[in-house]
Amino acid sequence: MVQLRTVHAHNAAIFQSRPIVAVFAGATAGLGEATLRALAAAHGTKGKGLRVYIVGRKREAFQRIVSDCNRLCPAGQFIFVQSPDLSLLGNVDKACDEITKAEQENAKGEPARVDLLCMSQGDFNFDEYKETQEGIEWRYSLLYHSRMKFVVNLLPLLRASESPAHVISVFGAGKEGDLHLDDLSLRGTKVRGLLNVRSHTAYLHTFFMEYLAAQNPGKLSLVHVYPGLVMTAAFNNPGVPIWFKAIWTILTPITKLLTTSPAEAGERILFLASPLRFPARQSTEQNTAKDGAIEVGVAKGSDGKVGSGAYAVDISGEAVENEKAGYEKYRKEGVGEKVVAYTLKAFEVIKSGKVFTE
Ligand SMILES: NC(=O)c1ccc[n+]([C@@H]2O[C@H](COP(=O)([O-])OP(=O)(O)OC[C@H]3O[C@@H](n4cnc5c(N)ncnc54)[C@H](OP(=O)(O)O)[C@@H]3O)[C@@H](O)[C@H]2O)c1
């Protein structure tokens, strides 16, 4: 496990070394908010410039968080991109268009770019299965489709970053269970439910991120992470049933012992943008850095190869152990290609204004 003090020092070194442009989705609460606060603190007063686009629903939450961030980082520019519902890919498109236009203006003659994209939009919600008007189960879309759409839409800006850009997606790396290859959208009545959404989100992140890393060598590093238990407001969401809230309240004294604080989780999630530990594939960057006496080695990619550009990790920044997930077998069977084709088709069909039914 990378020590917290190493994480802290390393984050300051990374985010003070050059001007940073970042995009956050899901940062009006919880882990995204904590990561945004960690970024503002890492940049602090010594950094060389910070511009952050925050896509979200609640302007008041943005204003409250940003007034704290501005205290930590007075030179920081924090821009709200309001979007009513990111489970709709059409809204993701609108938000990305707005970011692209704003960044072209804000870059003031420099190349418009994004150095870091951090996504944690999600709704811990036990409601019944419901498809969006675009045809995807809404929780699943928030966790997987909308996030990969952000990456694909912002690729020109991410590729314009001077050093390889970093993509972080916070949800459930290593939580693979069943994979329903004949129903990747999880429409069948027998495959619906939160556990299958969690499992598919983990598998599909791995395969699609590996595809993006291979398509963008030296340009893009992608990490998906399971944060472990972090006491955010997610457990009190309106969609969490009373019985769950009651059990959760009773167990709180015990669960508290097992949780990471939001502040530590934010710092550790930000660390996943370390170019030294999580380099882009074929990056020529130095692969080991020393912080005092502690080394930060290159992490193992989700394909098992060190530094391969797509990573599935836990909150401590270590590759998750998921041998049982059967990736080796699935890769031989061409499942990665199937997932990529499925994802790109969903994007294409929805972009054309049709409902996705596959
Ligand atoms: N906390 C944990 O222990 C834990 C553990 C494992 C996995 N996770 C996963 O990690 C992710 C982040 O967790 P968290 O604890 O930060 O959750 P959270 O506190 O509920 O924050 C979720 C964020 O997503 C946004 N969001 C929800 N629905 C949206 C929608 N339809 N359109 C746009 N934005 C939307 C929320 O916006 P608003 O502010 O507008 O509500 C908020 O900013 C989630 O996917 C969660 O399931 C969390």
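The values are calculated or read from the model by the stated rules, or taken from the named source; none is laboratory data. Source: prediction; values computed, not measured. Every residue, glycine among them, receives a Cβ derived from its backbone with ideal geometry; neighbour counts consider all protein chains shown. Areas reflect the complete protein model, heavy atoms only, side chains present, ligands, DNA and RNA absent. Shrake-Rupley method; radii C 1.70, N 1.55, O 1.52, S 1.80 Å.
Of all residues in segment 32-66, those satisfying the criterion of being within 16 Å of the ligand (Cβ to nearest atom) and among the aliphatic types (A, V, I, L, M) are Ala34, Leu36, Ala38, Leu39, Val52, Ile54, Val55, Ala61, Ile65, Val66. Among the residues of segment 116-147, those identified as away from the ligand (no atom under 14 Å from the Cβ) and surrounded by 22 or more Cβ atoms within 10 Å (Cβ to Cβ) are Leu116, Leu117.
Listed here are the residues, each with its yes/no results for (1) more than 19 Å from the chain's Cα centre (by Cα); (2) within 30 Å of Glu333 (Cβ to Cβ).
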residue	(1), (2)
Ser161	no, no
Ala165	no, no
Gly174	no, yes
Leu179	yes, yes
His224	no, yes
Leu229	no, no
Asn236	yes, no
Lys256	yes, no
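Every condition in (1) part of a helix (DSSP H, G or I); (2) among the aliphatic types (A, V, I, L, M); (3) more than 14 Å from the ligand (Cβ to nearest atom); (4) at pLDDT 95 or above is met by Ala265 except one, and the failing one is (3). Considering each residue of segment 233-262, count those that are open to solvent by 30 Å² or more (accessible area, probe 1.4 Å), of a type in the set (S, T, N, Q) and near the ligand (Cβ under 10 Å from one of its atoms), and give that number. Result for segment 233-262: 3.
Please work out which residue is farthest from the ligand (Cβ to nearest atom), limiting yourself to segment 148-190 and to residues that are of a type in the set (Asp, Glu) and touching a residue at least 12 places away in the same chain (Cβ under 8 Å). Only one residue fits best here, namely Glu162. When Arg51 is tested against (1) of a type in the set (Lys, Arg); (2) in contact with a helix residue (DSSP H, G or I) (Cβ under 7 Å, 6 or more places away or on another chain); (3) open to solvent by 40 Å² or more (accessible area, probe 1.4 Å), just one condition goes unmet, and that condition is (3). Taken over segment 210-232, the criterion of being surrounded by 24 or more Cβ atoms within 10 Å (Cβ to Cβ) and either of a type in the set (Gly, Ala, Ser) or more than 16 Å from the ligand (Cβ to nearest atom) (or both) is satisfied by Glu210, Ala213, Leu220, Ser221, Leu222. Scanning segment 38-76 for residues that are over 24 Å from Val92 (Cβ atoms) and touching an Asp or Glu at 6+ places or on another chain (Cβ under 9 Å) yields Ala38, Ala40, Ala41, Ala42.
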